[in-house]
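What follows is a set of notes on a single structure, which appears directly below.
The values are calculated or read from the model by the stated rules, or taken from the named source; none is laboratory data. Keep in mind the model is a prediction, meaning the values are calculated, not measured. Cβ coordinates were reconstructed from backbone atoms using ideal geometry, including for glycine residues, and neighbour counts include every protein chain displayed.
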Amino acid sequence: MNPTTHYLLERKAIQDASQQDGSPFFCQHLAQLNQTQKVLAKEDICNRQGAIILKKGEDICERRAHMIVQHKLVKPIEQSIELAETYNAEKLFNYMKKFGSTVPGLQVVTGSDDYLSNLKKMCSYYGKFPLIKQTLTVLANRLHDIYNDSVFTALASLAIAMQMQRSEREQQIIFMAALTHDCGFLYIPNELAHKKQDFSRAEWHSLLAHPIIAKRFLDSVPDLPKDVTAAVIDHHERTDGTGYPNQKFGDELSISSQIIGIADDIVASYKAYSGYGPHTHIMILAALKLNDHLHFETVFKATAILFQKYPKPQQPPSQGTSAQALLNRHQQIQPYFEAIRTLSRKVITGTKHPLNRSIASMLGRLAISIVRAGLLQDEHKAWLEDMTKSPKPDELEQLLEVGVMYDQIDSQLLHLKNLLLRVLDDLTPQQEDLKVAAEELFGASEALPSNP
C-alpha cells in the first residue's frame, strides 16, 4: 500500500473516502496492533458479491489487511472485528484521573471529589458502547499523542459543561464527543497525524476531512445519540463561519460542539506554551481572549471562570519572548496583512464562491485581533522598541502575552491563506489574474506552514 497516492488525499474524493468501509489506513493500524494483541474477525468478512474475504477467527495480519482493502465490504471493517482487550470504563477512568493530575492547570478543576465522581459516571456511560471502546483502544495504541489530546479535551470539556450546569444527558454527549472527536485520524495517512508543518494542499485537504470521517464511524455505532455525531463534525466550526468542514455560523452550532471546540483550543495552546510553567495558563487564557468572539459567550465565560481557579504566579517568567523578535514580527505582519486583505477583497468581488462569506468573516476576525494586539498603533511599536533595551521583570509577562497575540494573528493569517487557496483551486481560466496575484503573494509553492 502506498498512502501518498491513495484517493483520500484527493480533494474531490474526500466525501467518497469518508464513506469507505475498508480504509487502508485503519486496516494498517489493525495489522500493526495485531502484533501486540490479537485482532480477530468476529464473523466472516464478506465483500458485496458475497465472497468470504476473511473467515471468522482469523487475525488481521499485514497480508490480510492488504487483501481486505481490495474489496468493497458488506459492512464497515470496525463492525466485523474484535480485540483481545479493550479499554473498559474502569481503565479509562483510572487513566483520565492520572492524566488530569499531571497537568497543573487541569488538576485544579478536575481533582475535586465532585468532578471525579461525575467523571466515573461518564466513563460508565462510555462503557456501554463496545465499538467506541474498540476504536479508542486502537487510537491509544497506534496514535497515542492524539489519544492523550482526546483525553485532555474530554476532561476539559466535562469541567466546562459542569461549570455551565448542563444536564447529565448533555454532559454524556459532550464527554463522548470529546473522546471521539479526533478518531478520524485513524483513517488518514499516519504521517499526517504527526506532521506539524509544510503540508501540501492535498495533505491539508485530507486533514480537513477528519471530522467528516469521524462522523462516518460514529453514525455506525448502535444506540449512540446523534447529538454526539453532530458535536464531533462541528468541533472545528466557529461562530463567525471561519471553521471547517462546512463553514457553519453561530446559529447553526450546538453548545456541545462549542464546548469541545474551546477545549480543543485549550489543548493546542497548552502544547504550544507548556514550557512556561506556572505562566502557561496565563498564555492560554490570552489566546482565548483574543478569540473570544469565535465561541458562544456563555461557553467562553464559563471557561474563563475555570481559569481563574488557578493561582496567579508569584514570580515573573524565567524565560520570555525576545522584544526584538516581537518587533521583527510586528514589522512583517503589517505589510503581509495589507497584501492578503487586498487579495481577499479582489476574490470576494471577482468571484461568487461559497467560501467568500467565510473569507469576509476571516478578514473581520483578523481586523479585531490586530486592533486588540495594537499592531496599528505607533505607541505599541515604540513600546516594543523600548523593551528591546532592558525590560523590567514585571514587563516580561506582558511580552509573553504579546507573543501569544502575534502567534494567534499568524495562525489566522494562515487560515485566511488556506481559505483563499481553496477558492483559487476552483477558479476558471478567465479569472487567471487572481491566481497570478496569489502566486505573487504566496509564491509558487503549495506548501502550507502549520497544522490546522
Check: If Phe175 satisfies every condition in (1) crowded, with 23+ Cβ neighbours inside 10 Å; (2) touching a strand residue (DSSP E or B) at 6+ places or on another chain (Cβ under 7 Å) but one, which is the exception?
Finding: (2)
Item checked: Subset of the range 193-203 (residues that are touching an Asp or Glu at 6+ places or on another chain (Cβ under 6 Å) and outside any loop (DSSP other than H, G, I, E, B)) -> Arg201
Margin query: With surrounded by fewer than 16 Cβ atoms within 10 Å (Cβ to Cβ) and over 18 Å from Leu179 (Cβ atoms) as the only criterion, which of Lys72, Lys98 stands out?
Written below: Lys72
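Would you check which residues across the range 120-149 are farther than 23 Å from Ala84 by Cα and of a type in the set (Ser, Thr, Tyr) and list them? Outline the logic, then answer.
Start the filter on the range 120-149 by keeping residues that are farther than 23 Å from Ala84 by Cα, which leaves 120-122, 149.
The answer is none; no residue qualifies.
Condition first: polar (S, T, N, Q) and crowded, with 23+ Cβ neighbours inside 10 Å. Now tell me which residues in the range 199-220 satisfy that.
The first filter runs over the range 199-220 and keeps only residues polar (S, T, N, Q), leaving 200, 206, 220.
The one that is polar (S, T, N, Q) and crowded, with 23+ Cβ neighbours inside 10 Å: Ser206.
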Check: Does Tyr147 satisfy the condition of being in the same structural domain as Ala263 (by TED's automatic domain parsing), surrounded by 22 or more Cβ atoms within 10 Å (Cβ to Cβ) and aromatic (Phe, Trp, Tyr)?
Finding: yes
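Could you list, in sequence order, all residues of the range 204-230 that are within 27 Å of Leu366 (Cβ to Cβ), in contact (Cβ under 8 Å) with a residue 40 or more places away in the chain and outside any loop (DSSP other than H, G, I, E, B)?
Narrowing the range 204-230 to residues within 27 Å of Leu366 (Cβ to Cβ): 204-212.
Checking which are in contact (Cβ under 8 Å) with a residue 40 or more places away in the chain leaves us with 204-209, 212.
Scanning the range 204-230 gives Trp204, His205, Ser206, Leu207, Leu208, Ile212.
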Check: Going by the conditions given, is Ile409 part of a helix (DSSP H, G or I) and within 27 Å of Thr321 (Cα to Cα)?
Finding: yes
